[in-house]
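For reference, the structure is listed below as structure tokens.
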Amino acid sequence: MSDALLDRIAAASDLAELDSVRVALLGKSGEITAKLKSLGAMDAETRTAEAPKVHALRARVTDAIATRKAALENAQLERKLATEKIDLSLPAPDSVSGTVHPVSQVMDELAEIFADLGFSVAEGPEIEAQWYNFTALNMPENHPARAMQDTFYLEPRPGEDEARVLRTHTSPVQIRSMEKHGAPLYVIAPGRVYRSDSDATHTPMFHQVEGLVIDKHITLAHLKWTLETFLKAFFERDDIVLRMRPSYFPFTEPSAEVDVGWSIEKGRRVVGGQQGWMEVLGSGMVHPRVITNAGLDPDEWQGFAFGTGVDRLAMLKYGMDDLRAFFDGDIRWLKHYGFRALDVPTLSGGVGA
């Protein structure tokens, strides 16, 4: 009897047939289930003799079904692997499914350029304490930058009296880097910043990169050379001309706006040449109070800092006209201005794609 049942299981040619055999033997109305139910009607002596045989038969059938199922599944997988082959020698499709956003691309370009100049990349929180965002950067209580119309203030955390802010610039990273690493220090701080403003050249959230150098005997000459070297590498032109104009920033003294020369090529204004000037950077020598607030001695250490908008650099280099399009999520814009994943910036190959 048991051999006949096992032969039926072994003869199942596929999983569906095997399941039919399982139901016929072990289902509610199956042959072996009926034998188990019949045990209750037997007298005690007969039940004692027959029960072990029925349970043993059930166990053998259950194991046989499991073994046959595994064999059929393995055979099915082998057939599938044998028929569903991929020819890796075929060419990849011309169209790509995604692109790298211009802001991400430009940030990679900046990191590549400044790494070659000996700078490291520093990061900090986007939700920032007012001390780091304002006070440590020599901004007094009544400074216009603290005004509600410029800064996004958050509700104070439990146990805190002062509200935190969405950072309005990446300058707080300079303070945190000096506190953590001391001097000498050569860092850039790229990242998102937030201000209450919106038009064709301003958005409530945008990207900045700031640079900081703290060392001994640092002068404005070092600052100008660094900016000139950076802009020539970024725009990949040797005819970059800089003009530094006196300005005011609370965290630098002296301070300077940096203009770059531009010219008209193929009907479009591009960076390079001297047909006109456009402002691209803010810079200056780090204010002694800022150095003191970061825990360093301004009589021993000096430095310079500079900052610019990453989105603005992307607009100038790659010909975008409206900053708001950077954040609209329009797939047509992203496909047009986006970069391929393998367009990795390198100084040897050119940081631009």
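The values are calculated or read from the model by the stated rules, or taken from the named source; none is laboratory data. Quantities reported herein were computed from a predicted structural model and do not represent experimental measurements. Quick note on the areas: whole protein, heavy atoms, side chains included, nothing else; ligands and nucleic acids left out. Shrake-Rupley method; radii C 1.70, N 1.55, O 1.52, S 1.80 Å.
A few notes on this one:
- The C-alpha atoms of the chain define a longest principal axis, and helix 15-26 lies at about 50 degrees to it.
- Each residue was assigned an accessible area with a 1.4 Å probe, and for TRP277 the value is about 90 Å².
- Cross-link pairs beyond the 32 Å C-alpha cut-off, checked among LYS180/LYS317; LYS28/LYS69; LYS232/LYS335: LYS180/LYS317
- Under Karplus coefficients 6.51, -1.76 and 1.60, residue-wise ³J(HN,Hα) of region 170-184 in Hz, glycine/proline x: 8, 4, x, 5, 4, 4, 4, 5, 5, 5, 7, 10, x, 9, x
- Apportionment of accessible area to carbon and sulfur, the chain, percent (1.4 Å): 53
- Cα shape, region 27-173, gyration tensor, a/c 1.5 rule: oblate
- Residue-normalised accessible area of region 1-120, given per residue in Å² at a 1.4 Å probe: 67
- Distance between region 265-298 and region 116-134 - C-alpha centres, whole angstrom: 17
- Of ARG157, ARG58, ARG312, the one that fluctuates the most in a GNM where the chain has Cα springs shorter than 10 Å: ARG58
- Crossing angle, helix 102-116 versus the chain [Cα axis fit, 0-90 degrees, rounded to tens]: 70
- Axis of helix 220-235 versus longest Cα principal axis of the chain: the two differ by about 50°, to the nearest ten degrees.
- Relative contact order computed over region 5-146 (Cα-Cα under 8 Å; 6+ residues apart), in percent: 19
- Distant-in-sequence amide contacts of THR252, defined by a placed amide H-H separation under 5 Å and a gap of 5 or more residues or a different chain, comprise HIS287.
- Pairwise centroid distance, computed over Cα atoms, of region 150-185 with region 222-249, Å: 28
- Rounded to the nearest 500, the helix-only mean residue ellipticity at 222 nm of the chain stands at -12000 deg cm²/dmol, with each DSSP H run of n ≥ 4 adding -39,500 (n - 2.57).
- Fraction of beta bridges assigned by DSSP in the chain that are antiparallel (%, nearest 5): 95
- Cα gyration tensor, the chain - rounded (a/c under 1.5), prolate or oblate: prolate
- Highest-MSF residue in the chain out of ALA145, ALA221, ALA256 [GNM, Cα springs under 10 Å]: ALA221
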